[in-house]
Each structure stands twice: as C-alpha cells, then as structure tokens.
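Presented below is the structure to which this report refers.
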Amino acid sequence: VWRDDGLPPNVPMLDTETNDHGGEAAADIFGALWLADSFGGFLAAGGQSTHYYHDLPYSPPHPACENSWGTYHMFMVDEHYQIRQRTAQFFAARLLTQEWAQPKDSEHKLFAASSDVRDSQGHVLVTTYALQRPDGQWSLMLINKDHDNPHPVRIVFHDTDSHHDRSLIGAVTAITFGKAQYQWHPNRKNGYADPDLPPITSTIVASENTPYNLPAASLTIVRGRLGSSLPGSSVPAK
C-alpha cells in the first residue's frame with residue numbers, strides 16, 4: 001500500500017513500533033498468533049525491519065474496553081510492576097527469534113510462501129513464512145488461525161528455475177505453541193493464563209509426503225534440510 005501510494009522504491013520501509021491494542025485478546029493465544037503473523041507479514045511484504053515496542057513490563061492490566069482487561073506486553077505485572085506471569089506474546093517472540101530465526105547476527109534469506117488452506121468463504125486459515133537460516137536449515141513458521149480445528153499440511157519447496165519440487169527429508173524439528181499450552185481466563189485486572197506452558201518440541205523423520213499437523217489456534221515452527229530434487233508437479237506449493 002505504501003508503494004502504491006507513491007513511496008519511492010529506494011526508501012526502506014521500517015515498522016518502528018508494533019504492539020497489540022491490549023485487552024483480553026492481546027493476552028489470549030490470539031496475541032501470539034497476531035505477533036507472529038504481523039512480523040512475518042511485514043517482512044514478507046518488503047519491510048526492512050520490524051520492532052516489538054513494549055518488551056519490558058510497563059503497566060498493570062488495563063481495560064481496552066469496560067469488560068476486556070489485559071496488556072499488550074510480554075508480561076502480566078501487579079500494581080508494583082512485578083512480573084506475575086508471561087503472556088502468549090512472550091512465547092511467540094521467543095519462537096520468532098530463537099527457533100524460526102537462528103539467534104545469530106548473520107544473513108537470513110526470506111522466501112515467498114503461501115498456503116491453500118481456506119475456509120468455505122475463501123479466507124486463508126494457515127499463513128506461512130519461510131526462512132533459509134545461516135546454518136543451512138530451512139525454517140517455516142506456520143500459523144493456524146482456525147480457532148477450533150487442526151489442519152494437516154504438506155510442505156513443498158518449488159524451484160521456479162528448474163521446475164522441480166523438493167521436500168524436507170530426514171530429521172525435522174517441530175515446535176508448537178497453541179491452546180494446549182496456553183489458555184487465558186479473563187477476570188478483569190485479575191485475569192490469568194492456565195495452562196501457561198512453553199512450546200512443545202518433537203522430532204519427525206520426514207519423507208516426501210509427510211503431513212504436518214497444525215493444532216487449532218497454534219504457531220508451529222518446522223525446521224530441517226531439503227532432500228534431492230523431484231520432478232516438477234502441477235500441484236501448487238503448499
């Protein structure tokens with residue numbers, strides 16, 4: 001939109017302050033999905049950098065509206081600004097910076113990725129962002145925005161130059177954070193998360209047709225290495 005509005009191509013796009021509006025939604029699992037999707041989406045759209053603004057405890061719970069209390073920070077604090085609990089956005093930020101990306105000051109390459117998982121009205125339910133990390137691993141961030149239903153997906157890497165498809169082969173790491181790990185219970189300024197667990201990690205021995213299950217309302221990092229090229233297929237990348 002900024003480019004269409006006349007922003008010259010040589011002017012970088014910087015998102016210098018990102019945070020949710022606060023309230024119950026920001027503290028719920030939605031906050032984690034929103035953070036991952038907004039950061040990944042901005043970078044995939046050509047953004048130069050994006051910044052999470054309220055990384056430190058800043059205020060006790062407050063109402064976004066009369067009956068929706070929460071915070072747009074990574075931590076829930078008491079009236080003395082002491083941390084009571086980590087919020088969903090804390091876990092999402094760790095997945096972004098420690099698992100999706102390699103925590104290293106080195107070049108990462110971001111590639112275009114898309115999903116064909118949609119609801120009956122055509123809305124995209126699963127978004128995905130693909131990184132090639134400095135350690136040579138391919139790392140996909142998969143966000144299932146369907147609050148009530150899991151979705152199995154197949155991951156295909158399509159080389160447009162050779163017209164060949166490739167898949168993750170061998171040991172693949174999958175790290176998931178969703179409703180099974182974190183659920184927010186609203187109670188005005190005394191709202192709390194239970195369970196309030198970290199993401200779960202598993203290892204999958206992957207082949208060309210391995211399905212990856214994305215739990216309802218979840219953020220999943222899938223990371224591994226590509227196998228050899230396969231003949232081109234008419235099936236679009238998923």
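Determine, from the Cβ-Cβ distance of Thr160 and Glu17 and an R0 of 41 Å, the FRET efficiency 1/(1 + (r/R0)^6), rounded to the nearest 0.05. Rounded to the nearest 0.05, the efficiency is 0.70.
Using alpha carbon coordinates only, what is the Rg to Rh ratio of the chain, with Rh defined as the Kirkwood radius? Intermediate results must be reported in sequence, preceding the final value.
Details: Rg = 18.9 Å, Rh = 19.0 Å.
A ratio of 0.99.
Distance between the 7 Å Cα→Cβ label points at Ala180 and Ser59: 3.6 nm. Computed over the Cα atoms of region 127-192, pair by distinct pair, the Kirkwood hydrodynamic radius stands at 15.3 angstrom.
With both labels modelled 7 Å from their Cα along Cα-to-Cβ, the His51 to His147 distance reads 3.3 nm. Note that the chain presents 53 Å² accessible area per residue, ligands and nucleic acids not counted, probe 1.4 Å. Each residue of region 89-101 is assigned a 3J(HN,Hα), and the resulting list reads 5, 4, 5, 5, 4, 5, 5, 4, 8, 10, 10, 5, 8 Hz, derived from the Karplus form 6.51 cos²θ - 1.76 cosθ + 1.60 (θ = phi - 60°), x at Gly and Pro.
Taking the inverse of the mean reciprocal distance over all distinct Cα pairs, the Kirkwood hydrodynamic radius of region 123-238 comes to 15.6 Å.
Of all accessible surface on region 99-166 at a 1.4 Å probe, what whole percent is carbon and sulfur?
C and S atoms contribute 46 percent here.
Which residues does a label at Arg3 reach in region 122-163, if reach means a backbone N under 12 Å from a point 7 Å past the Cα toward the Cβ? Within reach of a label on Arg3: no residues.
Here's the picture: a label point sits 7 Å out from the Cα of Leu226 along the beta-carbon direction, and within region 152-178 the residues with their amide nitrogen under 16 Å of it are 155-170.
The values are calculated or read from the model by the stated rules, or taken from the named source; none is laboratory data. Just so it is clear, the structure is predicted and the values come from calculations on it, not from any experiment. Here the Cβ is made from the backbone with ideal geometry for all residues, glycine too, and neighbour counts use every protein chain on show. Surface accessibility is based on the protein's heavy atoms, side chains included, excluding ligands, DNA and RNA. Shrake-Rupley method; radii C 1.70, N 1.55, O 1.52, S 1.80 Å.
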